[in-house]
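Student: This is the structure I have questions about; it appears just below.
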Amino acid sequence: MLQQDLHVHTTYSSNDSAIVAEQTLALVTAVKHAEIVGISDHLDSLVDGDFEIYEREIRQAGLKVGVEVDGHAWAAEAANYIVDYYIFHCRDQDADYHSLDKLLATGKPVIVAHPNILDTNLNRVPSGCLVEINNRYVWRTDWKQFYGPFKNHFKFVISSDAHQPNWLGQAVAHYAAEQLGIQEHIVFW
Ligand SMILES: [Zn+2]
Ligand SMILES: [Zn+2]
């Protein structure tokens, strides 16, 4: 069993075309592919009144409550919701780096999502952030070149970013981390 997976989507991410109807919270809970599972559906799918039931159902399932925040436009809104951690899309623009500071000020863990795909400049990311090695995306760029220079600068988390039941795994991301000599940081004990 994996130690943790804090980046998992469910059918609550209703605006995401990669989600399938079978990717329910109940199925993710039943599969329990990691010791610590966190659900991180897109915040923009949750703000029209779904957040309260989302939070309640995840807590009842014994999982951690996260949200995936799509850049600075959503950062202020994100701070209004009771979550255990944030996953943040940090594109290479000033407002997004500033949003990382704002989210860190909440005292909750802030995970920088798949930075290799969003052209995030890790030199501009506060060292208090956790940097993600994402199983869905890590292999799509030169991950040695991207992550290598920062391996001693950040704590890293490994995630599936599962949108479908058969994505509930992290094999490629673990391989990349091992090749880089990066040990995963366990966020919740
Ligand atoms: Zn994402
Ligand atoms: Zn995601």
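Student: Would you mind calculating the gained length between Lys32 and Phe188 on full extension (0.36 nm times residue separation, minus the Cα-Cα distance), in nm to one decimal?
Tutor: Fully extending the segment from Lys32 to Phe188 adds 54.6 nm.
Student: Provide the percentage of antiparallel DSSP beta bridges, counting only those with both residues in the chain; round to the nearest 5.
Tutor: So the antiparallel bridges in the chain amount to around 0 percent.
Student: A further question on this structure: What full-extension length gain, to one decimal in nm, is calculated for Tyr175 and Asn152 as 0.36 nm per residue of separation minus the Cα-Cα distance?
Tutor: Difference between extended and current length: 6.5 nm.
Student: What shape does segment 50-189 have by the C-alpha gyration tensor, where a ≥ b ≥ c are the square roots of the eigenvalues, rounded means a/c under 1.5, and otherwise prolate means a/b greater than b/c and oblate the rest?
Tutor: oblate
Student: Is the shape of segment 3-46 rounded, prolate or oblate, going by the alpha carbon gyration tensor and its root eigenvalues a ≥ b ≥ c, with a/c under 1.5 for rounded and a/b larger than b/c for prolate?
Tutor: Cα axes put segment 3-46 in the oblate bin.
Student: Right, here's the next one. Can you work out the FRET efficiency for the pair Asn166 and Ala73, with r the C-beta to C-beta distance and R0 = 45 Å, to the nearest 0.05?
Tutor: Efficiency for this residue pair is about 0.90.
Student: Follow-up question, since we're still on this one. Taking the Cβ-Cβ separation of His98 and Val47 as r and a Förster radius of 30 Å, what is the calculated FRET efficiency to the nearest 0.05?
Tutor: That pair, His98 with Val47, gives E of 0.90.
Student: Pairs Lys102/Lys155; Lys108/Lys155; Lys64/Lys108; Lys32/Lys144: which exceed 24 Å Cα-Cα?
Tutor: Cα-Cα > 24 Å for Lys32/Lys144; rest within.
Student: Given the options Thr24, Thr141, Thr120, state which has the largest fluctuation in a GNM of the chain using a 10 Å cut-off (strictly under) for Cα springs.
Tutor: Looking only at Thr24, Thr141, Thr120, the biggest GNM fluctuation is shown by Thr141.
Student: Here's something else I'd like to know. Students often get this wrong: which residues of segment 149-189 have the backbone nitrogen under 15 Å from the point 7 angstrom along Cα-to-C-beta of Thr141?
Tutor: Answer for segment 149-189: 149-151.
Student: Between His72, His153, His163, which gets the highest mean-square fluctuation from a Gaussian network model of the chain, Cα cutoff 10 Å?
Tutor: Of the options given, His153 has the highest mean-square fluctuation.
Student: Given the whole protein assembly as supplied and a 1.4 Å probe, what does the accessible area of Lys144 come to in Å², nearest 10?
Tutor: 110
Student: Rounded to the nearest 20 debye, what is the charge dipole size of the chain about its Cα centre when +1 sits on each Lys and Arg Cβ and -1 on each Asp and Glu Cβ?
Tutor: For this selection, approximately 620 debye.
Student: For segment 147-157, just list the computed ³J(HN,Hα) in residue order, Karplus coefficients 6.51, -1.76 and 1.60, θ = phi - 60°, integers in Hz, with x standing in for Gly and Pro.
Tutor: Ordered by residue, 3J(HN,Hα) equals 8, x, x, 10, 5, 9, 9, 10, 8, 10, 10 Hz.
Student: Run the numbers on the chain and let me know its relative contact order in percent, using alpha-carbon pairs under 8 Å that are six or more apart.
Tutor: 20
Student: Hey, another quick one. Using only DSSP helix segments of four residues or longer, with each worth -39500 (n - 2.57), what per-residue ellipticity at 222 nm results for the chain after dividing by its residue count and rounding to 500?
Tutor: So the calculated ellipticity at 222 nm is -7000 deg cm²/dmol.
Student: A further question follows. Ignoring ligands, DNA and RNA, what accessible area per residue does segment 72-189 give at 1.4 Å, in Å²?
Tutor: Here the residues of segment 72-189 average 47 Å² of exposed surface.
Student: Per residue, how many Å² of accessible area does segment 1-42 show with a 1.4 Å probe?
Tutor: I get 40 Å² per residue for this part.
Student: While we're here: How large a share of the accessible area of the chain, in percent, is made up of carbon and sulfur atoms when the probe is 1.4 Å and the other protein chains stay in place?
Tutor: Answer for the chain is 48 percent, counting heavy atoms of protein chains only.
Student: Assign unit charges at the C-beta atoms only (+1 for Lys and Arg, -1 for Asp and Glu), then state the dipole size of segment 45-119 relative to its Cα centre in Debye, rounded to the nearest 20.
Tutor: Taking the Cα centre of segment 45-119 as origin, the dipole is about 320 debye.
Student: From the square roots a ≥ b ≥ c of the eigenvalues of the alpha-carbon gyration tensor of segment 136-189, which class results: rounded (a/c under 1.5), prolate (a/b over b/c), or oblate?
Tutor: In terms of gyration-tensor shape, oblate.
The values are calculated or read from the model by the stated rules, or taken from the named source; none is laboratory data. Quick caveat: nothing in here was measured; it's all calculated off a predicted structure. Don't worry about glycine lacking a Cβ; one is built from the backbone with ideal geometry, like all the others, and counts go over all protein chains shown. Surface accessibility is based on the protein's heavy atoms, side chains included, excluding ligands, DNA and RNA. Shrake-Rupley method; radii C 1.70, N 1.55, O 1.52, S 1.80 Å.
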